[in-house]
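Visitor: Below are the C-alpha coordinates for one structure; questions will follow.
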Amino acid sequence: QESYLDDDDWKTVESHTKVEMDEETGEPVRQQMVYVDEHTCIGCTNCAMIAQSTFFMQEEHGRARVFQQWGDDDETIQVAIETCPVDCIHYVP
(Lines give C-alpha, C1' and ligand atoms only; values in the text may rest on other atoms or scores of the structure.)
Protein backbone atom coordinates (compact mmCIF):
# COMPACT_ATOMS: atom_id res chain seq x y z
CA GLN A 1 0.00 0.00 0.00
CA GLU A 2 1.43 3.36 -1.02
CA SER A 3 1.34 6.13 1.56
CA TYR A 4 0.72 9.79 0.77
CA LEU A 5 3.93 10.51 2.67
CA ASP A 6 6.16 8.31 0.49
CA ASP A 7 7.23 11.09 -1.88
CA ASP A 8 7.66 13.86 0.68
CA ASP A 9 9.79 14.48 3.72
CA TRP A 10 6.88 14.93 6.14
CA LYS A 11 9.24 16.46 8.69
CA THR A 12 9.86 19.50 6.47
CA VAL A 13 6.88 19.71 4.10
CA GLU A 14 4.51 22.59 4.76
CA SER A 15 1.09 21.04 5.34
CA HIS A 16 -0.84 23.75 3.50
CA THR A 17 0.96 22.73 0.29
CA LYS A 18 -0.52 19.23 0.52
CA VAL A 19 -4.22 20.09 0.82
CA GLU A 20 -6.78 18.65 -1.57
CA MET A 21 -7.59 21.07 -4.40
CA ASP A 22 -10.86 21.51 -6.28
CA GLU A 23 -10.21 20.52 -9.90
CA GLU A 24 -12.58 23.14 -11.32
CA THR A 25 -11.55 26.18 -9.29
CA GLY A 26 -7.98 25.29 -8.33
CA GLU A 27 -8.83 26.39 -4.78
CA PRO A 28 -8.44 24.25 -1.65
CA VAL A 29 -11.49 22.07 -0.95
CA ARG A 30 -11.40 23.39 2.62
CA GLN A 31 -10.32 26.94 3.38
CA GLN A 32 -9.84 26.38 7.11
CA MET A 33 -6.46 24.98 8.19
CA VAL A 34 -5.14 23.62 11.49
CA TYR A 35 -2.16 25.49 12.96
CA VAL A 36 0.12 24.73 15.91
CA ASP A 37 1.80 27.70 17.58
CA GLU A 38 5.14 25.94 17.96
CA HIS A 39 6.51 28.63 20.28
CA THR A 40 3.70 28.00 22.78
CA CYS A 41 3.74 24.20 22.44
CA ILE A 42 5.28 22.41 25.43
CA GLY A 43 5.86 19.14 23.59
CA CYS A 44 3.41 17.06 25.62
CA THR A 45 2.64 14.77 22.60
CA ASN A 46 -1.11 14.86 23.33
CA CYS A 47 -2.21 15.98 19.86
CA ALA A 48 0.19 13.62 18.09
CA MET A 49 -1.18 10.70 20.10
CA ILE A 50 -4.83 11.61 19.47
CA ALA A 51 -4.71 12.70 15.82
CA GLN A 52 -1.78 10.67 14.50
CA SER A 53 -2.55 11.35 10.84
CA THR A 54 -2.54 15.12 11.35
CA PHE A 55 0.14 15.95 13.95
CA PHE A 56 3.67 14.77 14.64
CA MET A 57 6.40 15.79 17.04
CA GLN A 58 9.42 17.56 15.56
CA GLU A 59 12.61 15.81 16.59
CA GLU A 60 14.78 18.93 16.58
CA HIS A 61 12.66 21.11 18.90
CA GLY A 62 10.29 18.54 20.43
CA ARG A 63 7.22 20.55 19.42
CA ALA A 64 4.04 19.48 17.64
CA ARG A 65 3.51 20.28 13.99
CA VAL A 66 0.78 19.63 11.43
CA PHE A 67 2.08 17.43 8.63
CA GLN A 68 -1.23 16.61 6.91
CA GLN A 69 -4.15 19.04 6.97
CA TRP A 70 -7.30 17.07 7.79
CA GLY A 71 -5.38 13.81 8.04
CA ASP A 72 -7.91 12.77 10.70
CA ASP A 73 -11.65 13.34 10.85
CA ASP A 74 -13.00 16.64 12.20
CA GLU A 75 -14.05 15.14 15.54
CA THR A 76 -10.61 13.65 16.26
CA ILE A 77 -8.85 16.91 15.40
CA GLN A 78 -11.29 18.82 17.61
CA VAL A 79 -10.52 16.51 20.55
CA ALA A 80 -6.79 17.15 20.03
CA ILE A 81 -7.42 20.91 19.99
CA GLU A 82 -9.70 20.91 23.04
CA THR A 83 -7.37 18.76 25.14
CA CYS A 84 -4.18 20.70 24.41
CA PRO A 85 -2.97 21.80 27.87
CA VAL A 86 -1.57 25.11 26.59
CA ASP A 87 -4.21 25.85 23.93
CA CYS A 88 -1.63 26.20 21.14
CA ILE A 89 -3.63 24.55 18.31
CA HIS A 90 -5.95 26.76 16.29
CA TYR A 91 -7.95 26.90 13.10
CA VAL A 92 -6.91 29.53 10.56
CA PRO A 93 -8.14 31.72 8.92
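Visitor: May I ask you to evaluate 6.51 cos²θ - 1.76 cosθ + 1.60, the Karplus curve with θ = phi - 60°, for each residue of region 54-66 and list the ³J(HN,Hα) values in order in whole Hz, giving x for glycine and proline?
Guide: Coupling constants for region 54-66: 10, 10, 9, 9, 5, 5, 5, 10, x, 10, 6, 8, 7 Hz.
Visitor: Taking amide H positions as placed in the peptide plane 1.01 Å from N, state which residues far from Met33 in sequence (5 or more) or on other chains have amide H under 5 Å from it.
Guide: Here the answer is Val92, since their amide H atoms fall under 5 Å of that of Met33.
Visitor: Which ³J(HN,Hα) values in Hz, rounded to whole numbers, follow from the phi angles of region 76-83 under the Karplus curve 6.51 cos²θ - 1.76 cosθ + 1.60, where θ = phi - 60° and Gly and Pro get x?
Guide: Coupling constants for region 76-83: 5, 5, 4, 4, 4, 5, 5, 9 Hz.
Visitor: How much solvent-accessible surface does Thr76 expose, in Å² to the nearest 10, with a 1.4 Å probe and all protein chains in place?
Guide: Roll a 1.4 Å probe over it and Thr76 shows about 30 Å².
Visitor: Short version: ³J(HN,Hα) in whole Hz for each residue of region 41-50, in order, from phi by Karplus 6.51 cos²θ - 1.76 cosθ + 1.60 (θ = phi - 60°), x for Gly and Pro, what are they?
Guide: 4, 9, x, 6, 6, 3, 5, 5, 7, 7
Visitor: Search the structure for amide H atoms under 5 Å from the amide H of Ala64, placed 1.01 Å from N in the peptide plane, and list their residues when 5 or more places away or on another chain.
Guide: Residues meeting the criterion, in which the H sits 1.01 Å from N, are Gly43, Gln58.
Visitor: On to the next question. What distance in nm lies between label points placed 7 Å from Cα along the C-beta direction at Asp73 and Tyr91?
Guide: Taking the simple label geometry, Asp73 and Tyr91 are separated by 1.7 nm.
The values are calculated or read from the model by the stated rules, or taken from the named source; none is laboratory data. Because the structure is a prediction, the values reported are computed rather than measured. When we count neighbours, we look across all protein chains shown, and the Cβ atoms used for this are built from the backbone with ideal geometry, even at glycine. Please note that ligands, DNA and RNA were not included when accessible areas were found on the heavy atoms of the full protein model with its side chains. Shrake-Rupley method; radii C 1.70, N 1.55, O 1.52, S 1.80 Å.
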